[in-house]
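The values are calculated or read from the model by the stated rules, or taken from the named source; none is laboratory data. The model shown is predicted, which means the values in this text are computed figures rather than measured ones. Here the Cβ positions follow ideal geometry from the backbone for every residue, glycine too, while neighbour counts run over all protein chains shown.
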Amino acid sequence: MGRPLSASQVISKGFNRLFNIFLDFELMLLRYMGHIPLHTVRNLCYKLSGMKIGKGSTIHMWAAFFQPANIEIGEDTILGDHIFLDGRAPLTIGNHVDIASQVLIYNSEHAINSQDFHATEEPVTIEDYVFVGPRVTILPGVTIGKGAVVAAGAVVTKNVEPFKIVGGVPAKEIGERELKDPKYKLGRGRLFQ
């Protein structure tokens, strides 16, 4: 920013830089672990990074993350390949959630009208029995209610009410799910994916 720094500011920035290098290295290792075609091995690596993953849940191959320790995934949930999960603020994904391939879930964005372009963070919550179609983008601060459906390619910028079907850019309500008391189990994810 062009301002002189005090010695304590230099030390603080130095430690911050070292922390970020360590974090980047950890994220690189997790990305490499995402190439292993065995769910149990990947889940173990993800859990060692601090991520909470419920019983019977699967993250398919080639996932990417920011700060996995802030990510919590419920039971019997399946996340597709090439997914991106942002843990810079809390990310909570419920039970029996089906998230398709190439979905991007962000909970941090830049304050575009700020002089310093700083990052803002808001939690994202995806409740039980939600289905998220392929190539959806979910932005910070969004809650997707129980049983909701997000159509392929949608960009979710606002909360989605329970059992509503949304689609488009930005996502808008396009229908309502008839099933109001889901009890299904997703089962296991695809082998070697």
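Just to verify a result, which residue in the range 25-66, among those that are under 13 Å from the mean Cα position of the chain (by Cα) and of a type in the set (Val, Ile, Thr), is modelled with the lowest pLDDT? Out of the qualifying residues, it is Ile59. Restricting the first member to the range 147-175 and to residues that are more than 21 Å from Asn107 (Cβ to Cβ) and among the aromatic types (Phe, Trp, Tyr), and the second to residues that are surrounded by fewer than 22 Cβ atoms within 10 Å (Cβ to Cβ) and at pLDDT below 95, the beta-carbon pairs closer than 7 Å and six or more apart or on different chains are Phe163/Lys180. Would the range 150-164 turn up any residue that is more than 15 Å from Gly80 (Cβ to Cβ), surrounded by 16 or more Cβ atoms within 10 Å (Cβ to Cβ) and in contact with a Lys or Arg (Cβ under 6 Å, 6 or more places away or on another chain)? Yes, the range 150-164 contains at least one residue that is more than 15 Å from Gly80 (Cβ to Cβ), surrounded by 16 or more Cβ atoms within 10 Å (Cβ to Cβ) and in contact with a Lys or Arg (Cβ under 6 Å, 6 or more places away or on another chain). Cβ-Cβ distances below 6 Å connect the following pairs, each with a first residue in the range 57-70 that is over 16 Å from Ile99 (Cβ atoms), a second residue that is among the charged types (D, E, K, R), and a separation of six or more residues or different chains: Phe66/Asp86; Phe66/Arg88; Gln67/Arg88. Residues of the range 27-53 that are closer than 13 Å to Ala64 by Cα and in contact (Cβ under 8 Å) with a residue 24 or more places away in the chain: Leu27, Leu30, Arg31, Gly34, His35, Met51. When the strands (runs of 3 or more DSSP E) confined to the range 113-193 are screened for residues that are within 19 Å of Thr77 (Cβ to Cβ) and touching a helix residue (DSSP H, G or I) at 6+ places or on another chain (Cβ under 6 Å), none reaches at least 2 such residues.
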